[in-house]
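Derivation of every value follows stated rules applied to the coordinates shown; laboratory data play no part. Note that the coordinates shown come from a computational prediction; the quantities given were computed from them, not determined experimentally. Neighbour counts are summed over all protein chains in view; Cβ atoms, including those assigned to glycine, are modelled from backbone coordinates with ideal geometry.
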Amino acid sequence: MQIAIIGCSAAGISAIEAIRSKDKKSRITVISDEKRPLYSRCLISYLLAGTIDEKTIWYRPDGFFKQNKVDAVLGAKATKIDTEKKEIFFERVRLGGRVEKLKFDKLLIATGASPKLEKIPGVDKKGVFPLRTIGHTQEIQSMLGRVKKAAVLGGGLIGLRAAYALKNRGKEVSVFVRSPQILSQIIDEGSASMMQKHIEKKGINIVTGRSAKEISGKDSVSGIILDDGSKYDCELVIIGKGVSANIDLAKAAGIKTNWGIVVDEFLRTSDKNIFAAGDVAESFDVALEENSINAIWPVACEQGRLAALNMLGNEERYDGTLAMNSLEFFGLPVISIGITKPKKDIYEEIVRTDAEKNIYKKIVLRNNVIVGAIALNSVDTIGIFGALIKNKVDITPIKDIILEDYFDYGKIVNLIKGAKYGFKEKEFKETIMTL
Amino acid sequence: MKKIFCDIKKCIGCSACEIACAIEHSKSKKINEAIKEIPLPIKRRKAQAVDKGITISTGCHHCEDAPCVTACMSGAMYKDKKTGETKHDEDRCVGCWMCVMTCPFGALTRQKQDKIVVKCDLCPDRDTPACVEACPTEALFIGTEKEFEEKLCKSR
């Protein structure tokens, strides 16, 4: 069997490993537009910050393709999929855009997502970057010597990580956030304001409710003009305005797309021979109970693995995606899972704050089942909430203690025992069998 | 695979496992010196209350489809292909806490000074893990799931 994979980051790599764990014979061809794709995308801001060295970012060894008997077509762009003939067309950038084609039996589309760029005048100037690939990091690094002040547009995960990295490199950094709070897609106002205060105390300037309307300068950036007309001088602008799924290739091939490529519970697209995984895939979200894209590393890896197993003819059901983020700035960690800012009144919220210890914890419930959680500065047991979300457990018996500092695995043992259909992860049985 | 199991019926929550674990993971491996080490040695096993008079000693379950391995973005957390053990390479760890976020047992601990995570390593320097040896009621057991089940059958 010939398996083709387009894209070679988290989902693609995870798929290769899953295929080879079961099948040593099938041919695997991976097409990636990056020349050296085996790095961890999540680590590029760490590299920019200088908290890790170049070597740590390569999270799979150089011999990975050879070891896994993968035909890697690198620095090549897939341009067309013919679903009828089961062929992919791709251009090799290095060979002057020569077009080649590849026949496949099964195809995995793991084309990921691209950074959304601001549609404001001046985004094309030198010194304006998104932060998505190792190439961006290298370009930013090469000009850091000339930078004294930097502006970050966007107060989400990437924006703040970029700001943290630049501050760590001794730059003066201001973050401009259109929303009234930072991390508005990830955490609620209460936890965000605690994090914002902490970051500001460490010397990063954060301006909320403000966006840039223009980037000024001749060829290179010299500053930004904000929507209230005020100016901020800087030599570097990083745009962290989220990502959008790379669906064009699939869409043009007639594969069903929405915000992403729509997949079923087996990660299959509308074409039975074509699967999708990672930041490009739109799948059922267990907390929202509707389709969604959670463009995060763990989801990409899990989807890549399951899609691969299903391409081999198995029937591995995917339970669904779940939003999840872990961040730490200057020693203050925050982790969030699922729905953190419920909009409808069918949800109940329980919050516990401890100003002295700088702790903020919240759970969001729907009919006494957790659908979301935030933990700031007391994060060690939040994974247990994740298990309770996925297993849809009625937590009424532990509702009054669940946010306390002493809450731990022991406190859910009776819930696991009482769970009607048991917990999905088989390891929970190890506890129950001794009761 | 071989791993550590806890029989809740026998656990008395004495914390002997916690202390033995912390000492085993200290520099000196001696209690009188370990308590003075900076950073303090960290236990990877915890005695926790379940209900009145019921306790459990819990740590890494070395899950088959380990969510911490899937979530690890630096390749620090991995499965030992031979033993099935979930292993952690501290040199590769960047302290992103993605494993903490996904562990359904809350079994990982952050070592804040070096910004790395620490977990049960089944005591590679010993024949029997320190916690199992220290358990005064034989609630803790090292072996395969099948062996543990057989032991439970015999004792019930």
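Here are the numbers:
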read-out	value
Unit charges at the beta carbon, dipole of chain B: most positive-side option, B:PHE105, B:ASN32, B:ALA20	B:ASN32
Dipole magnitude of segment B:64-119, debye to nearest 20 (Cβ charges: Lys/Arg +1, Asp/Glu -1, about Cα centre)	100 debye
Solvent-free Debye scattering, log10 I(q)/I(0), computed from the Cα coordinates of segment B:83-152 at q = 0.11 Å⁻¹	-0.37
Of all DSSP beta bridges in segment A:85-186, antiparallel share, percent nearest 5	55 percent
Contact order relative to length of chain A, as percent, for alpha carbon pairs under 8 angstrom and 6 or more apart	14 percent
Top of A:VAL393, A:VAL413, A:VAL243 by mean-square fluctuation, Gaussian network on chain A, Cα under 10 Å	A:VAL413
Segment A:115-161 versus segment B:44-108: alpha-carbon centroid distance in Å	35 Å
For segment B:1-107, with +1 on Lys and Arg beta carbons and -1 on Asp and Glu, the positive-most of B:VAL94, B:SER57, B:GLY84 along the dipole	B:SER57
Sequence-separation-based contact order of chain B, relative, with Cα cut under 8 Å and 6+ spacing, percent	30 percent
Rounded Å value of the spacing that divides the Cα centres of segment A:35-88 and segment A:177-227	32 Å
All aspartates and glutamates inside 17 Å of A:LYS148 as judged from Cα atoms, apart from same-chain residues fewer than 8 positions distant	A:GLU139, A:GLU172, A:ASP233, A:GLU235
Partners for B:LYS29 among aspartates and glutamates (Cα-Cα distance below 14 Å; same-chain residues under 8 apart left out)	B:GLU18, B:GLU37, B:ASP125
Inter-chain Cβ neighbour average for residues B:61-71, partner chain, 10 Å	5
Antiparallel DSSP beta bridges within segment A:117-239, as percent of all bridges there, nearest 5	30 percent
Average beta carbon contacts from partner chains per residue of B:130-140, 10 Å cutoff	0
Charge-dipole axis of segment A:117-239 as Lys and Arg at +1 and Asp and Glu at -1 on Cβ define it, positive-most pick from A:LEU153, A:ILE224, A:ILE140	A:ILE140
Shape of chain B, Cα gyration tensor, a/c cut at 1.5	oblate
Antiparallel DSSP beta bridges within chain A, as percent of all bridges there, nearest 5	60 percent
The protein assembly as shown, dipole about Cα centre (Lys/Arg Cβ +1, Asp/Glu Cβ -1), debye to the nearest 20	960 debye
Value at 222 nm in deg cm²/dmol, rounded to 500, when DSSP H runs of n ≥ 4 in chain A each add -39,500 (n - 2.57)	-6500 deg cm²/dmol
Dimensionless Rg over Rh [segment B:64-119; C-alpha; Kirkwood]	0.93
Alpha carbon convex hull of segment A:117-239, projected area averaged over orientations, nm²	7.1 nm²
FRET efficiency for A:GLU315 and A:GLU290, using Cβ-Cβ distance with R0 set to 22 Å, rounded to 0.05	0.40
Listed residues B:ILE12, B:ILE42, B:ILE31, most fluctuating in chain B (Gaussian network, C-alpha, under 10 Å)	B:ILE31
About the Cα centre, charge dipole magnitude for segment A:117-239 (Lys/Arg +1, Asp/Glu -1 at Cβ), debye	360 debye
Mean separation of Cα contacts under 8 Å, 6 or more apart, over the residue count of segment A:331-432: relative contact order %	23 percent
Which of A:PHE275, A:PHE129, A:PHE64 has the fewest Cβ neighbours within 10 Å, and the rest in rising order	A:PHE64, A:PHE129, A:PHE275
Most mobile of A:LYS357, A:LYS390, A:LYS411 in a GNM of chain A (Cα contacts under 10 Å)	A:LYS357
Hull shadow area, averaged, the protein assembly as shown [alpha-carbon convex hull, nm²]	28.5 nm²
Rounded to whole Hz, the Karplus (6.51, -1.76, 1.60) HN-Hα couplings of segment A:71-81, x for glycine and proline	8, 9, 9, 9, x, 10, 10, 6, 10, 7, 10
Lysines with Cα under 25 Å of A:LYS55, excluding same-chain neighbours fewer than 8 positions away	A:LYS35, A:LYS66, A:LYS69, A:LYS167, A:LYS171, B:LYS79, B:LYS81, B:LYS87, B:LYS112, B:LYS115, B:LYS119
